[in-house]
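The values are calculated or read from the model by the stated rules, or taken from the named source; none is laboratory data. In this text, all values refer to a predicted model and were calculated from it rather than measured experimentally. Here the Cβ positions follow ideal geometry from the backbone for every residue, glycine too, while neighbour counts run over all protein chains shown.
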Amino acid sequence: MITKINLAEKFAKLDEHWSPRVVGELDGAYLAKIAKVQGAFTWHKHDDEDELFLVIKGHLSIELEDQRLELAPGEMVVIPAGVMHHPIADAEAHVLVFEKKSTAHTGDEQTDRTRSLDEQFRPI
């Protein structure tokens with residue numbers, strides 16, 4: 001059965017920052033994830049996968065090695081594979097992320113914030 005997804009309801013149920021949860025799958029290879037974010041995440045990269053960030057609520061900064069991107073609600077950016085990036089949210093922001101199923105949460109880094117794919121698939 002095909003069902004609709006209410007992102008506002010899903011975001012309201014999240015109680016952790018930087019802990020993405022899967023809300024949909026595309027073509028059996030891509031995942032749509034939501035996350036509440038606040039503070040600074042870790043510098044990391046994904047060697048083989050691009051990553052799309054779409055800000056739903058709040059503001060997200062993404063530092064790159066040579067620039068800083070500022071994203072407002074309704075704005076998005078695609079971070080190409082292999083590019084070091086450092087997401088930061090001064091205040092809580094809600095973000096929708098699209099990435100391949102093979103994308104490791106913190107890329108080439110392992111931290112206490114790293115979430116396995118199984119953790120990301122936990123029901124909301």
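Within region 40-86, the residues that satisfy the criterion of being among the acidic types (Asp, Glu) and free of Cβ contacts under 8 Å to residues at least 12 places away in the same chain are Asp66, Glu70.
For region 12-23, the tally of residues that are in a strand (DSSP E or B) and out of contact with any helix residue (DSSP H, G or I) (no Cβ under 8 Å at 6 or more places or on another chain) stands at 1. Could you look through region 24-34, keep only residues that are within 16 Å of Arg122 (Cβ to Cβ) and either more than 12 Å from the chain's Cα centre (by Cα) or among the charged types (D, E, K, R) (or both), and pick out the one that is surrounded by the most Cβ atoms within 10 Å (Cβ to Cβ)? So, considering only residues that are within 16 Å of Arg122 (Cβ to Cβ) and either more than 12 Å from the chain's Cα centre (by Cα) or among the charged types (D, E, K, R) (or both), the one surrounded by the most Cβ atoms within 10 Å (Cβ to Cβ) is Lys33. Against the conditions (1) exposed (fewer than 14 other Cβ atoms within 10 Å of the Cβ); (2) under 25 Å from Asn6 (Cα atoms); (3) modelled with pLDDT under 95, where does Arg115 fall short? Just the number, please. Condition (1) is where Arg115 drops out. Taking the listed residues Leu31, Leu52, Leu26, the one that is within 15 Å of Glu99 (Cβ to Cβ) and at pLDDT 95 or above is Leu52, with no other qualifying.
One residue stands out among those in region 94-106 that are in a strand (DSSP E or B) and of a type outside the set (Phe, Trp, Tyr): the one that is surrounded by the fewest Cβ atoms within 10 Å (Cβ to Cβ), which is Lys100.
Looking across region 65-82, the residues that are surrounded by fewer than 14 Cβ atoms within 10 Å (Cβ to Cβ) and either touching a strand residue (DSSP E or B) at 6+ places or on another chain (Cβ under 7 Å) or over 14 Å from Asp47 (Cα atoms) (or both) come down to Glu65, Asp66, Gln67, Arg68, Glu70, Ala72, Pro73, Gly74, Glu75, Val78.
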